[in-house]
Structures are given as C-alpha cells and as structure tokens.
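Report on the following structure.
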Amino acid sequence: MKRLLAVMLVLMLLPVLSAGETLIIGSEAVHPVSPTLYGLFLEDINCAVDGGLYAELLRNRSFENQNLWNPGHADHWEAWRTGLQKNATAVLEDISPIHENNPTYLHVELESGGLMRLQNQGFGGNALRGGIAVTQGESYDVSLWVRGDEEAAQEAAVEVALRDVAGNSLCTEAPVFSVTEEWRKVEAVITASESAGAVLAVTAAGKGAVDIDMVSLMPSRRVGKDWPGGGIRQDLFDMLSSLHPSFLRFPGGCVVEGTYVRENAYDWKQSVGSVEKRREIANTWGGMQTMGVGFYEYFCLCEELGALPVPVVHAGLLCQARDVKDPPLTMDETKAYAQDILDLIEFATGDKDTAWGSVRASMGHPQPFDLRFVAIGNENWGSAYFSRYEVLSDRVKEVYPYITCIVAAGPVAEGNLIRDSWAQIRRFFPEDLVDEHYYMDSSWFPSHVQRYDNYPRTTKVFLGEFAAHEPVQGNRRPGTLYAALCEAAYMTGLEKNSDVVVMSCYAPLLAREGSVDWTPDLIWFDDDSVFGTPSYYVQKLFSEHRGDVLLESACDGDLFQSVTGSGEEIQVKVVNLSENTVPLTIQTAFSGNMSGKGLMLSGEKNHVNSFAKPEKVAPEEISIRTENGTGSVELPPWSLLVVRLVPEI
Ligand code: AHR
C-alpha cells in the first residue's frame with residue numbers, strides 16, 4: 001500500500017503532461033497471477049462441435065437425426081437426397097442395427113440391374129458454393145458400415161464418390177466395396193479433383209438387399225485421427241490453440257441438462273467407446289450430437305491444447321432460468337446419480353485396471369488424464385440446486401479429495417439471486433470454486449472493472465461464461481471492436497484480482513454461419529473459412545501476454561490498465577475506450593533501458609470482422625523503448641495496447 005502511495009505521489013509530481021496520460025509501473029509484486037486465468041468454454045451451440053470442430057463433414061451420417069422441437073417428426077432423412085434410381089427402393093429400418101444405441105440404418109432393395117444413389121450434402125458448405133466444400137488435391141477419408149443378404153453378397157456392391165449435384169464426379173477415385181452378410185466397416189481415401197461444393201454419393205448397385213449405416217467423410221488432414229471418434233478440424237483447432245487456453249470447459253452450458261433431465265441429459269457414458277455404439281442425442285440447441293467428440297476425445301483435445309479439462313455434469317435438475325416444468329431428480333435418485341460422476345473421474349484418472357480406467361485404456365490412452373476439476377450444475381441456484389450439489393460434491397470429495405468441485409452461482413451478475421447464491425456458498429461450500437455467468441451490455445463492463453476488488457479473497461471465482469452484448473442488428477448481436485474493448489477493460493480488472501478470480505472464459509466459442517443459435521460468438525466458420533471476432537483478439541492478446549505476478553501500477557485519466565511481470569519481463573495492457581488519441585508515457589521502476597514488442601488492436605468503434613474482411617480488426621505490431629525508465633506511445637481512439645518490455649542488455 002505504502003509503495004502504491006509513493007507511486008501515486010510520483011505521478012502527481014510529474015512534469016505537466018496534460019495532453020496525455022502516464023502509466024507508472026512499480027517493481028513490487030502485488031500477488032501471483034493465476035496460471036489458469038484464461039481458458040475456453042466449448043459447447044455444441046451454433047454447430048460448434050457437430051458441423052464444426054468435429055471433422056465429420058456429413059450431416060446425419062447414421063440416420064438418427066431427431067427434431068427436438070418437434071419430437072413427433074424424427075427427421076431421419078435430414079441432409080440425404082435420392083439421386084439416380086433404377087429398379088430399386090430405399091427405406092430407413094431399425095430391425096437389426098449395428099448396435100441398439102444406433103438403431104436406424106438405410107435399407108436398399110435392388111432388383112436385377114438395380115441402382116440406388118443417395119447423396120449427403122453435409123452442413124451447408126461455405127458461403128459461396130453450398131454442399132460440402134472440398135479442395136482440389138486434398139484427400140478425404142471415407143468409411144461406411146455395410147451388410148447385405150445372401151444375394152447381395154454375391155451380386156451387389158456399393159460405390160462412394162464426391163460428386164456435384166448433377167452427378168458429375170469430383171474425385172480422382174471412386175472406391176467400390178463388396179457386401180458381406182454381417183455388418184462390416186469399409187474404408188478408403190479419395191482425392192478431390194476440383195475445388196467445389198460436393199455431395200458424398202453412395203451408390204448401391206446389382207441385386208439383393210443392402211444395408212448401409214455410419215457413412216463418414218473426413219478431411220485426411222485433421223487433428224486426432226487416431227481418436228475413436230475420428231478427430232477434429234485442423235483450422236479450428238489452430239484457432240483454439242493460438243488462444244493458448246489453460247483450461248477447456250465442456251460440454252455445456254445448457255447442453256449438459258438436456259430438455260428433460262431424466263430423458264436426454266448429456267450422459268458421458270454414451271459418449272465413449274466405439275463411435276458406432278455411442279448414442280446420439282438431440283441437444284438443447286436443436287442440433288444433433290453424434291458424440292463423435294465425446295468425453296474421450298475431449299480429454300485428448302485438452303492434452304493437445306495443453307489445457308486442463310473442466311468437465312461439467314448436471315446436478316439433477318435443469319437450469320431454472322429455462323423455466324421448463326421438469327421435476328428434479330429425487331434425493332434418492334441424486335445419490336444414485338453421484339456414481340456417474342465418480343465413474344467419470346475414474347474414466348479420466350483411474351488406473352487401467354479399474355472398471356472405467358480400462359475403458360479409457362482400451363480407447364488408446366492408458367495413462368490417466370490430468371483431471372483436477374469437476375463442475376456440478378450449470379447456472380443453477382436455490383435450495384433445489386444446493387441440496388443436490390451437496391450430495392454430489394460430498395461424494396466427489398469423499399472419494400477424490402484432490403478434485404476441486406465447481407459450484408454454480410446462477411446466471412446473473414447482480415441482484416438477490418447471486419447474492420443469495422454467494423451467501424449459501426460462503427456458508428456451506430467455501431472451499432469450492434464458484435462459477436459466475438453473465439452476459440451484459442457492453443457499457444456495463446468498463447463501469448464494473450472493480451467488481452472483484454472487494455470480494456473476500458478466500459473463496460475463489462471461475463468466471464465461466466461472459467461476453468459484452470451490443471444491441472441486436474437484424475437478428476444478431478454484432479461482435480464489434482467496442483464490445484471487445486469493453487471486455488478488455490474488464491479483463492484488466494480480472495488480472496488485478498486474479499488472486500480471487502482464478503479462471504475465466506468467454507462464451508460462446510464457435511459459430512457456423514447459417515446455424516446460428518446465439519450471438520455474439522468468438523470464432524465464426526463455414527466449411528473452409530474461419531475468422532476471429534475482435535473479442536477473439538482480445539482473448540488472444542491477454543492470454544499470450546500473461547505474467548507470473550501482478551505489478552503495482554497507477555495511471556491517471558480514463559485509461560484501463562494492468563501490468564504483470566515474469567522475471568525481468570514486464571507485460572503491459574492498456575485500453576483506450578475513448579474517441580481521442582491519447583499520448584501515453586510509460587514510466588517503469590527499472591532505471592535502465594527496455595525495449596518492447598507490442599500489439600495494437602484498434603479501429604472504429606463499430607468495426608466487425610467478417611468472411612469478406614476477416615482481419616478488418618486485427619492486432620498490428622508496434623515497438624516501444626523506455627530510456628532511463630521512461631518511454632512513450634500514442635494510443636489511437638478505441639484501442640488495446642499489449643506490450644512485452646524486456647531490459648536491453
Ligand atoms: O453460452 C450460451 C448459453 O448461455 C449456455 O448454454 C448457458 O450456460 C448460458 O445461458
């Protein structure tokens with residue numbers, strides 16, 4: 001404190017710099033910066049996972065599609081169209097499937113010389129072409145499960161090929177598979193002969209009855225090819241990886257609870273094992289979850305990203321904010337359900353001789369995953385929640401005392417609800433990590449930068465979902481530079497309070513153009529393009545410029561700033577949330593010279609990125625030097641400056 005007063009005194013005695021502002025950086029560490037401060041939240045909303053991160057290019061590959069909002073209409077044909085057809089019929093059947101979890105398959109009857117072509121058009125392609133966007137010269141892994149009757153085994157075959165909608169070939173080879181009387185997976189690699197909007201055409205020809213299921217098409221170049229689910233898209237992985245997340249929260253969000261908790265809550269056990277035996281579910285946001293990115297793939301993804309897993313499980317009730325009349329699990333049901341959570345922890349961390357550890361090992365990962373957290377409940381509150389949370393978290397703590405349980409504090413930033421949640425938590429669960437969620441108007445963020453200054457330091461906070469919201473334009477909230485800078489201003493407050501706010505993540509993470517459930521989102525994509533919003537760059541710049549400790553700093557005027565350090569290096573973050581250019585003097589306690597590489601994010605307040613202009617708002621490099629402790633830089637209007645200063649040798 002004395003030190004900070006001294007810093008402020010120096011600030012007052014500085015020569016007149018009325019045209020600008022001065023940032024004074026002390027040398028004392030205030031507290032360590034939480035090493036887990038910046039992470040990600042992955043939920044299958046906006047086709048983020050199926051149709052997004054998951055490398056599967058076909059939609060409804062196993063004919064299980066359901067329409068959650070119209071359950072009477074199970075849309076099992078979705079994304080499939082009939083092409084050429086001669087002396088043949090095709091129906092969907094569920095008489096003798098590959099596995100009971102995956103009941104529906106395609107049944108084709110071929111009369112002599114028969115031919116039936118079905119084509120899948122994927123998730124909508126890219127903005128220009130439609131279909132599945134394939135690239136000339138790129139190879140694709142194709143597979144399907146096939147079976148036939150005795151006659152088909154002698155006289156029928158199945159061909160797969162990339163084609164245009166008129167049936168013209170778009171690939172250099174079109175593999176043909178024979179038919180056996182038992183279900184069998186067949187695979188091949190095909191190469192696109194053109195860059196085009198394609199369909200995957202599956203053609204059964206000959207004579208007899210042929211069954212087809214689990215038709216899959218994935219780019220050969222992808223991450224996690226050897227994961228049972230098949231892996232994830234390289235370009236989206238790269239976007240996530242360049243955020244350097246220290247954790248990954250998954251799978252929800254509302255996705256964890258389902259529409260009715262007893263009927264279709266996310267069941268992690270149905271998301272592991274062989275992919276053809278996983279049970280698909282329609283998720284809360286209306287899409288189908290194939291579970292191709294299930295809990296095994298999630299843990300593997302965390303490893304690839306160098307991020308700690310933060311799995312979320314439901315707490316036996318829906319999020320009350322959804323106001324769906326769905327009775328919570330009874331306390332007896334809750335006690336029984338606790339075993340599912342223990343089994344998940346065993347799946348992740350158990351020795352390969354344990355029941356669930358052996359399932360993980362059989363999937364390809366004998367070593368345990370580094371699981372340290374479990375979140376129980378999403379955005380819940382009130383006694384119905386806390387009584388169930390107590391039962392569930394007690395069991396976890398009893399069996400796995402090293403796991404930190406994460407307790408929900410509801411879906412709002414202010415008011416009685418969150419006050420009551422905190423009162424309950426401080427009284428009954430002070431050791432647990434508290435999951436706050438809030439989506440607020442952009443201007444709320446800079447005016448609440450000090451939110452955590454007076455939080456007691458004992459119970460720690462996980463800001464598990466947040467984003468600055470601009471007014472809706474058309475049917476979307478735009479991801480503007482202004483919103484991003486409001487978040488940046490707020491994040492300087494998170495850094496300054498990272499002795500209590502130990503984790504934070506923006507939400508939602510990903511959105512496929514054309515499948516939008518929620519805006520704004522951090523990253524937008526279609527089949528073959530991807531761009532980050534200004535908020536993406538804010539998250540990236542903060543994450544890339546983390547320090548080990550918070551340093552004392554003071555700044556006059558209206559700028560928002562935080563300064564951290566690691567050894568002799570200093571990381572400075574300054575936000576100018578005004579329409580004026582602000583000359584900034586940086587004064588460090590280091591009397592020698594320092595040079596700095598900086599990144600500046602700036603533009604007009606309402607600038608956004610788009611498929612047409614993906615980097616309209618993107619950081620630009622700048623250099624800064626301090627001589628004898630002092631340096632200067634101009635902050636453009638509406639800007640974030642992030643600088644790493646190191647002593648010159
Ligand atoms: O991030 C989108 C949704 O917002 C999440 O599913 C839910 O937790 C919150 O209401």
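Values for this structure:
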| item | result |
| --- | --- |
| The range 481-515 - residue that is among the hydroxyl-bearing types (S, T, Y) and within 15 Å of the ligand (Cβ to nearest atom) and, of those, nearest to L37 (Cα to Cα) | S504 |
| Residue ID - farthest from D435 (Cα to Cα), chosen from residues in the range 346-373 that are surrounded by fewer than 17 Cβ atoms within 10 Å (Cβ to Cβ) and charged (D, E, K, R) | D353 |
| Pick from the range 423-460, criterion under 22 Å from R395 (Cα atoms) and not in a loop (DSSP other than H, G, I, E, B), ranking: nearest to the ligand (Cβ to nearest atom) | D435 |
| Qualifying residue in the range 63-85 (condition: modelled with pLDDT of 95 or more and either over 28 Å from K225 (Cβ atoms) or surrounded by fewer than 21 Cβ atoms within 10 Å (Cβ to Cβ) (or both)) | yes |
| D432 being acidic (D, E) and more than 27 Å from L485 (Cβ to Cβ) | yes |
| Residue within the range 276-292 that is in contact with a helix residue (DSSP H, G or I) (Cβ under 7 Å, 6 or more places away or on another chain), closer than 30 Å to E544 by Cα and part of a loop (DSSP other than H, G, I, E, B) present | no |
| The lone exception for N46 - which of (1) under 21 Å from M218 (Cβ atoms); (2) more than 16 Å from the ligand (Cβ to nearest atom); (3) in contact (Cβ under 8 Å) with a residue 60 or more places away in the chain; (4) not aliphatic (A, V, I, L, M) it fails | (2) |
| Identity of the residue in the range 250-275, of a type in the set (S, T, Y) and out of contact with any helix residue (DSSP H, G or I) (no Cβ under 6 Å at 6 or more places or on another chain), that ends up farthest from the ligand (Cβ to nearest atom) | S274 |
| K207 being modelled with pLDDT of 95 or more, in a strand (DSSP E or B), away from the ligand (no atom under 16 Å from the Cβ) and closer than 26 Å to W145 by Cα | yes |
| So T519, is it in contact with a helix residue (DSSP H, G or I) (Cβ under 8 Å, 6 or more places away or on another chain), in the same structural domain as R477 (by TED's automatic domain parsing) and among the polar types (S, T, N, Q) | no |
| Qualifying residue in the range 287-304 (condition: aliphatic (A, V, I, L, M), away from the ligand (no atom under 16 Å from the Cβ) and touching a Lys or Arg at 6+ places or on another chain (Cβ under 7 Å)) | yes |
| Members of the range 358-381 that are within 16 Å of the ligand (Cβ to nearest atom) and either of a type outside the set (F, W, Y) or assigned to a helix (DSSP H, G or I) (or both) | A375, I376, G377, N378, E379, N380 |
| Count of the range 624-649 residues which are more than 18 Å from T581 (Cβ to Cβ) and free of Cβ contacts under 8 Å to residues at least 60 places away in the same chain | 8 |
| Unmet requirement for G52, which otherwise passes all of (1) over 17 Å from G294 (Cα atoms); (2) within 16 Å of the ligand (Cβ to nearest atom); (3) modelled with pLDDT of 95 or more | (1) |
| First in the range 314-336 and in the same structural domain as I418 (by TED's automatic domain parsing) and of a type in the set (D, E), second anywhere and surrounded by fewer than 20 Cβ atoms within 10 Å (Cβ to Cβ) and not in a helix (DSSP H, G or I), Cβ under 6 Å, 6 or more apart | D326/Y260 |
| Output for the range 383-413, where each listed residue is more than 16 Å from the ligand (Cβ to nearest atom) and either among the β-branched types (V, I, T) or farther than 18 Å from L344 by Cβ (or both) | S383, A384, F386, S387, E390, V391, V396, V399, I403, T404 |
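Residues are listed down the side, and each one gets a yes or a no for (1) of a type in the set (K, R); (2) on the phi > 0 side of the Ramachandran plot; (3) more than 24 Å from the chain's Cα centre (by Cα):
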| residue | (1), (2), (3) |
| --- | --- |
| Y506 | no, no, no |
| D521 | no, no, no |
| S553 | no, no, yes |
| D558 | no, no, yes |
| G565 | no, no, yes |
| K573 | yes, no, yes |
| S578 | no, no, yes |
| L599 | no, no, yes |
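The values are calculated or read from the model by the stated rules, or taken from the named source; none is laboratory data. This one's a predicted model, so the numbers in the text were calculated from it and none came from an experiment. In this analysis, Cβ positions are derived from the backbone assuming ideal geometry, glycine residues included, and neighbour counts consider all displayed protein chains.
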